[in-house]
Every structure is written in structure tokens, then in C-alpha cells.
Amino acid sequence: MPASQARELTLYVQSKKVVTSFYRPPTPTGSGDSPGGDIMNPPHMDSDASRAVNEAFFLSDDQARCVALAEEVAGRRGFTIKIVDVAKAGRLEQFVTERLRGVQNFPVLVGPDDARLEGVAAFTEDNLSELMPTELKGIRAFTYIKVRGGDLDRIRDVLLTLKEVKELHLLTGDWDVFVVLEFEGGDGGKRRVLDFVTGRIRGVPEVLDTSTLVPEFSVTKFAI
């Protein structure tokens, strides 16, 4: 499958059709009459013949919110969204939407591998991110920490004051703490991470040792 198709999702919505009547402005006849027409019988006072009946399609606010959120998340994660309104679909599109047979709740977002979200409640940023994995733009690294005996709650609080520490986990075994580090931008690479670990984390008095992993490439399904 081409890469462009692998990063395109189809969002099926279902609008409601209504019939609306409204007054249509008169069309000039070119007969030399004044642009305003008959002053005694202006166009907007004509009989029902001046009314036009038209079909209009409206998307519910719930579905419109889902569309906006899906497009926003897709834009951030390098995906595109193709929107198909099943209420207005032509024959070819109706054939394509046969795979939606039995679906009761719209909207439905379908990925290239047929993974899908169905219904308004399913459209959360976390669920959309799960459907659209993306490469991390910054640097994410993982550090194991060994500490000397002491107040782990205090050590936790000290580490969490560092803005680069995004997650912290207390462990049992050879290592006592595991932290997830994140750095904005991609400059500096491994050297930047290790400068931070040796300078800031090792600077905490209770820290005895550290071991850090810096991935070469990272993809996430988490919201970012």
C-alpha cells in the first residue's frame, strides 16, 4: 500500500436532510423595466410562485465536533482525513460504504487496516491517537535510577520538579526508580540527554547510579 494511502483515514458521517422554503430574488428580464420592477407590486410581495423549495443537509453538532477533532489530531500527526457523508453519497460511494452495513452510530472513522472508531463517544483524543501512530519529533529517553535509603516520596517530588521528567515509576529489584525523559526539538541527541542525566539527576543527593537508554527512533500512539 502506498505510504500516502497508509496515512489516509475515511470518516463516514450521516447528515440529516431537510426541505426549506425561502424567497428567491427576482431575475432581471432585460425588457427595459426599471431595476426595481413594479413599485406597486414588488417581487417580495408576489404569490407562492416566488417561493423556492430546496433540500439542505445538516450535520449534528456532536458529529461536527468529531469531524473537527479528528481533523485536528490528524493534522498534528501527519495523517489526512477523507470525509464521506452517507446521506449524500452517490452510487459508487454507497457501494464503498457497504462495509458499514449494520452500523447504527455515526460518525465512523476507518483506517487502512479496517481498524475503526464508531459513535460519538469513541471520538476522544486518546482513541484517535491510537488509530494514528506518529513519529516523535523531540527526544525521548529512559533512565533507571538507584538511590540510597531515604524518603522515596521526597526523591519523587524532587525529580518531578524537572520539566524534562514526564513519567516516574518506583520499582523493585536492582533499580529503584524509572523515569521517562522528553526534550523539545531534535538537536543534541544522546549527548544532550546524558548531559542532563549526569548534571541534573545525578545532582540529587540520594541518587547513587543511573543507566540511560536513548532510542534511535520512536513512534507513539499516545496523545502528544
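Residues that are under 18 Å from ARG148 (Cβ atoms), surrounded by fewer than 15 Cβ atoms within 10 Å (Cβ to Cβ) and in contact (Cβ under 8 Å) with a residue 40 or more places away in the chain within the stretch 205-224 comprise LEU208, ASP209, SER211, listed in sequence order. When LEU181, LEU168, LEU194, LEU160 are screened for being assigned by TED's automatic domain parsing to the domain that holds PHE142 and loosely packed, with under 15 Cβ neighbours inside 10 Å, only LEU160 passes. All conditions but one from (1) over 30 Å from GLY78 (Cβ atoms); (2) not assigned by TED's automatic domain parsing to the domain that holds GLY203 apply to ASP151; the one that does not is (2). All of (1) basic (Lys, Arg); (2) modelled with pLDDT of 95 or more; (3) within 30 Å of TYR12 (Cβ to Cβ) hold for ARG116 with one exception: (2). State the number of residues belonging to the stretch 78-93 that are at pLDDT below 95 and surrounded by 13 or more Cβ atoms within 10 Å (Cβ to Cβ). Number satisfying all stated conditions: 8.
Screening the candidates LEU117, LEU59 for the property of being within 21 Å of ILE224 (Cα to Cα), buried (at least 17 other Cβ atoms within 10 Å of the Cβ), in contact with a strand residue (DSSP E or B) (Cβ under 8 Å, 6 or more places away or on another chain) and not assigned by TED's automatic domain parsing to the domain that holds ASP195 yields one hit, LEU117. Just one residue in the set PHE178, PHE196 is in contact with a strand residue (DSSP E or B) (Cβ under 8 Å, 6 or more places away or on another chain) and not in a strand (DSSP E or B); that residue is PHE196. One residue stands out among those in the stretch 120-145 that are touching a strand residue (DSSP E or B) at 6+ places or on another chain (Cβ under 8 Å) and in a loop (DSSP other than H, G, I, E, B): the one that is surrounded by the most Cβ atoms within 10 Å (Cβ to Cβ), which is PHE123.
The values are calculated or read from the model by the stated rules, or taken from the named source; none is laboratory data. Keep in mind the model is a prediction, meaning the values are calculated, not measured. Note: ideal-geometry Cβ built from the backbone for every residue, glycine included; neighbour counts use all protein chains shown.
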